[in-house]
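Down below is the structure, laid out as C-alpha cells.
The values are calculated or read from the model by the stated rules, or taken from the named source; none is laboratory data. Nothing here was measured: the structure is a model prediction, and the numbers come from that model. Here the Cβ positions follow ideal geometry from the backbone for every residue, glycine too, while neighbour counts run over all protein chains shown. Note: areas computed on protein heavy atoms with side chains; ligands, DNA, RNA excluded. Shrake-Rupley method; radii C 1.70, N 1.55, O 1.52, S 1.80 Å.
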Amino acid sequence: MCIRDRVTDGLQGIINKAEDRLASTSEGDGGGEYPSSARKSLQNAIDEAKTALENASSQTNIVSATKDLNSAITAYNNSRNLPFSSGKKYYVVHASNRFLTNTGNGVSIKNAAYNASQQFTIETLSDGTYALKSVSGNNYLNATGEYNTNFANSSNNSSAHLKIAYAPNEDKYVRIQFSSNNKYLGTDGTLSLIHISEPTRRYAI
C-alpha cells in the first residue's frame, strides 16, 4: 500500500478534535481549569499524531496513532480540576435549579433562598474523599441507605465520606457519591447532576 492509499481521515479528525479541546479549555489551578502538565501532555500527543500522519509507513501505524490520541484526549478530560476548593462556601444546586438545603438537620431541595441553610463547605479528608459540611448546622451530610440522607455531627464515619467527580460527558455538572455504599446523592433522580457555585458570586449557571 503506497502512502496515498492510506486512510488518514480518522487520524486527521481526532487531531482536529484534540486541538479544538485545547483551544476551548483554560490552563490554571482554579475550579474547572486544567493543570499545565495535562495541557502539555495533550499537546505532545497531538504533535506525535501529526508526525505519524506525515511519516507513518503503514495503515497499522495510522490506526495506532489514532487510538493513542483518543486515549490522550480522555486522560486530558479526566484531569480537569473539580469546581471547588476546600474551605470555601458553596451552593449545591441540582440541574433543575433547586438547592440542597439543611432543614432541621434533614435533607431537602428547595428554591433558592441564598441563606446559610443552603450553604456548604467542602472538606478534603485524609483518605482522598470529601465531606460536605452545612454552614447553618455545622454538621455533615451522611447516608446510611439508598435514600436515607441526613446531617450528622462528625465526618469520621464512612457514611460521611464522599467521592465527587464530573458526570460522564459533562463539563459543568458533578455527581456526589457516598463511599459507604457507592450510591449517588439523589439516586432517585432528584440530585444526580449537581452544579457547585460560590455564594460570593451570587448564583449563576
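For Phe99, the conditions (1) under 18 Å from Glu19 (Cβ atoms); (2) surrounded by 13 or more Cβ atoms within 10 Å (Cβ to Cβ) all hold with the exception of (1). Could you please let me know if Glu170 is open to solvent by 30 Å² or more (accessible area, probe 1.4 Å), modelled with pLDDT of 90 or more and closer than 29 Å to Asn77 by Cβ? The answer is no for Glu170. Residue pairs whose Cβ atoms lie under 7 Å apart, sitting 6 or more positions apart in sequence or on different chains, and linking a residue in segment 124-141 that is outside any strand (DSSP E or B) to a partner that is hydrophobic (A, V, I, L, M, F, W, C), are Leu125/Ala131; Thr129/Leu162; Val135/Ala116; Val135/Phe120; Ser136/Ala116; Gly137/Phe151; Asn139/Phe151; Asn139/Ala152.
Out of all the residues in segment 91-101, is one or more small (Gly, Ala, Ser), within 27 Å of Asp29 (Cα to Cα) and touching a Ser or Thr at 6+ places or on another chain (Cβ under 9 Å)? Among the residues of segment 91-101, at least one is small (Gly, Ala, Ser), within 27 Å of Asp29 (Cα to Cα) and touching a Ser or Thr at 6+ places or on another chain (Cβ under 9 Å), which makes the answer yes. Only one entry of Lys183, Lys133, Lys163 meets the criterion of being surrounded by fewer than 18 Cβ atoms within 10 Å (Cβ to Cβ) and at pLDDT 90 or above, and that entry is Lys163. Within segment 79-96, if we keep just the residues that are of a type in the set (A, V, I, L, M, F, W, C) and part of a loop (DSSP other than H, G, I, E, B), the residue that is surrounded by the most Cβ atoms within 10 Å (Cβ to Cβ) turns out to be Phe84. Considering segment 100-121, and only residues there that are touching a residue at least 60 places away in the same chain (Cβ under 8 Å) and touching a strand residue (DSSP E or B) at 6+ places or on another chain (Cβ under 7 Å), the residue that is farthest from Glu198 (Cα to Cα) turns out to be Ile109. One residue alone among Glu54, Glu27, Glu33, Glu48 is free of Cβ contacts under 8 Å to residues at least 60 places away in the same chain, over 30 Å from Ser197 (Cβ atoms), surrounded by 13 or more Cβ atoms within 10 Å (Cβ to Cβ) and of a type in the set (Asp, Glu), and that residue is Glu48. Scanning segment 116-139 for residues that are farther than 17 Å from Tyr91 by Cβ and of a type in the set (Ser, Thr, Tyr) yields Thr124, Ser126, Thr129. Annotation: of all residues in segment 188-205 being open to solvent by less than 60 Å² (accessible area, probe 1.4 Å) and modelled with pLDDT under 65, the one that is farthest from Ala143 (Cα to Cα) is Tyr203. The one condition from (1) in a strand (DSSP E or B); (2) closer than 30 Å to Ile46 by Cα that Tyr76 does not meet is (1).
Among the residues of segment 94-109, those that are more than 15 Å from Leu141 (Cα to Cα) and not polar (S, T, N, Q) comprise His94, Ala95, Arg98.
Only a single item in (1) over 24 Å from Ser180 (Cβ atoms); (2) modelled with pLDDT of 95 or more; (3) in contact with a Phe, Trp or Tyr (Cβ under 6 Å, 6 or more places away or on another chain) is not met by Phe120, and it is number (1).
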